[in-house]
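What follows is a set of notes on a single structure, which appears directly below.
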Amino acid sequence: MAAMTKKTLDRAAKINLLVSLVLVLLLAIILETLIRERRTDAAVINLSGRQRMLSQKIAKGIYTTSLGLTSIQEIKNDAETWTLVHDGLIYGNDSLGLPSLTDQDLLSLFKQVEPFKKGLLRVVAQINETTQITPSMLNEVERNEQAFLSLMDEIVFQAEENYNRSIFNLRLWTLVLSILVIVSLVVLYFNLVKPIIRELSRAEGSLMRSRQSLEFFVKHTPAAVAMFDLKMDYLFASDRWYVDYGLEGRSIIGKNHYDIFPEINEIPEWKEIHQRILKGETYKTDRDRFDRADGKVDWLKYELLPWRDDNGEIGGMIMFTEVITQQVEMQLELERKARELEKTNEELKHFIYIASHDLQEPLRTTLSYSDLLLNEEFNSDEQVKQQSLRFIGESVGRMSTLVKGLLDYSLIGSDNNFEQVDCQLLAKEVFNALEQKDRIDVSIEVENLPVVSGSKLELTQLFHNLIVNSIKFVRPNVPCLIQISAERTNGYWIFTFSDNGIGIEEQYFKQIFKVFQRLHSKDRVEGSGIGLALSKKIVEHHGGEIWVESELNKGTTFYFTLVG
């Protein structure tokens, strides 16, 4: 096709185009000349008619001046205008739009008019305020006027003939040159346009077949593939594209990608990447997050490439994508479990260390007083026996408390049967379940706590630990006040447990959540030192976090979050 098109252009196109341009240019020149002549003839006809009427007005004015009916100045003004127009008709006048007269017949008639014009003007020049109009002057006016009018009629007649002739020439040349231009265009059509049209038709058929093949290939590709134009309107899309992106049954071809996925308008970095692709770049990523409009999160692996037309120009973009949501979620879950395992191992190491240390203390006490009882030297002393037995009992009780705490701690996270728990009711039940002696001088305020999903057993233990913790660390001679509230923020409930107790120094804010970490001796405050560690583990099992804020001698506030 390229060789034939070039040969046709070299042999016929240039000649035919040149001929057509020359003919059009010639037609334009001839038309412009004829139109200019026609305009001149029309002006001559118009102004000659005016001159005729003006000469009659001047002659009439001279007659009426003799009767005192017309002013001499008005006649002189008319004569001045008459002279200006007459000279313009012969020699041209820009203000009147008249070129210089070139028609010899008209020039000859105007020369014949000149003596009669001068005779009439001579009479006008003789008239003044004191001049008496004589019969000879009137006879001269009448003679010159009649001759002038007769010649002006001939001038108008000649100008009209010229005008009609120019109209005929204009039409004739227009017809002739139009026929020549049409013939040239017909020749051009058969020598150039028709072969090109024929080749374009063949190319279009080939392009259509290629398009159909491409559409078939894209449609049945076992991957999520889509092809777009420069406006990001869909050209083709594979069946897998419809399935992976939930578009089954929808018509997307010809529609804009950002209308099909409006959530992309909230991802400006994607649109910026698309524009870079349409300028010739390529882009590939093995994992990218796609937040869908319905709240679902997809993970994608994709490659973006520009596609080019037959001329090498970028025609749009093609996307090769793979939805890897399941694989990524599995990977994220493995990573989460790995982090949990690592954290559990660290906790276990710490747990074993602390447990072995804290369990050894009551064992050593029990062993020491057992040896004392077995010693014959002290065995006869009843007071020593009683004291030894009491210390042994306290150590066993201490060990029992530690073992129970360790058991409770190890069981946190085993209950995954979550249910709807009314925290408002739960807080009141936990407080009312405390022994009477623990509730003396203790006030509790509970403000509209929500219903959450969780393990009722574990949440009961969480509320119990925090309430008891506030009761333990009261200020002397200050009634204990516990305030419990909750506020919803970003899909979570933030619970607040506040008291007016002795407070905690900031350096211990993290330490208090570790197993067996105590800020006060067991002689001053009872407990195993495991309550807040249990609370932390319970909150984390429910997908939240816990922290503390406090000020010495003013009180402590524990915060924790639960999924709303």
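The values are calculated or read from the model by the stated rules, or taken from the named source; none is laboratory data. The structure presented is a predicted model; accordingly, all values stated were derived computationally and were not measured. As a convention, Cβ positions derive from the backbone with ideal geometry for all residues, glycine included, and neighbour counts pool all protein chains shown. SASA here: full protein model, heavy atoms, side chains in, ligands and nucleic acids out. Shrake-Rupley method; radii C 1.70, N 1.55, O 1.52, S 1.80 Å.
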Name the residue that is modelled with the lowest pLDDT, counting only residues in the stretch 465-493 that are open to solvent by 50 Å² or more (accessible area, probe 1.4 Å) and closer than 14 Å to residue 539 by Cβ.
492
If I ask for residues that are surrounded by 11 or more Cβ atoms within 10 Å (Cβ to Cβ) and not aromatic (Phe, Trp, Tyr), which ones from the stretch 267-281 would you list?
267, 271, 273, 274, 275, 276, 277, 278, 281
Per the list (1) crowded, with 17+ Cβ neighbours inside 10 Å; (2) touching a residue at least 60 places away in the same chain (Cβ under 8 Å), residue check on residue 238 breaks on (2)
Only residues in the stretch 541-564 that are among the small types (Gly, Ala, Ser) count as the first member; pair them with residues that are surrounded by 15 or more Cβ atoms within 10 Å (Cβ to Cβ) and not in a loop (DSSP other than H, G, I, E, B), Cβ under 6 angstrom, at least 6 apart or cross-chain, and list the lot.
544/560; 544/561; 544/562; 550/556; 555/499; 564/492; 564/493
What's the number of the only condition in (1) within 28 Å of residue 263 (Cα to Cα); (2) at pLDDT below 90; (3) open to solvent by 30 Å² or more (accessible area, probe 1.4 Å) that residue 337 fails to meet?
(1)
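For (1) in contact with a Lys or Arg (Cβ under 6 Å, 6 or more places away or on another chain); (2) in the same structural domain as residue 444 (by the TED database); (3) among the aliphatic types (A, V, I, L, M), each residue gets a yes or a no:
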{"residue": "461", "(1), (2), (3)": "no, yes, no"}
{"residue": "468", "(1), (2), (3)": "no, yes, yes"}
{"residue": "475", "(1), (2), (3)": "no, yes, no"}
{"residue": "502", "(1), (2), (3)": "yes, yes, yes"}
Pairs under 7 Å by beta carbon, first residue closer than 12 Å to residue 234 by Cβ in the stretch 244-257, partner charged (D, E, K, R) and at pLDDT 90 or above, six or more apart or different chains?
254/233; 255/233; 256/231; 256/233
What pairs can you find where one residue is in the stretch 149-161 and crowded, with 20+ Cβ neighbours inside 10 Å, the other is hydroxyl-bearing (Ser, Thr, Tyr), and their Cβ atoms are less than 9 Å apart, with a gap of 6+ or different chains?
152/48; 152/55; 155/48; 159/40; 159/48
Residue 420: passes all of (1) modelled with pLDDT of 90 or more; (2) over 53 Å from the mean Cα position of the chain (by Cα); (3) surrounded by fewer than 14 Cβ atoms within 10 Å (Cβ to Cβ); (4) not aliphatic (A, V, I, L, M) but (2)
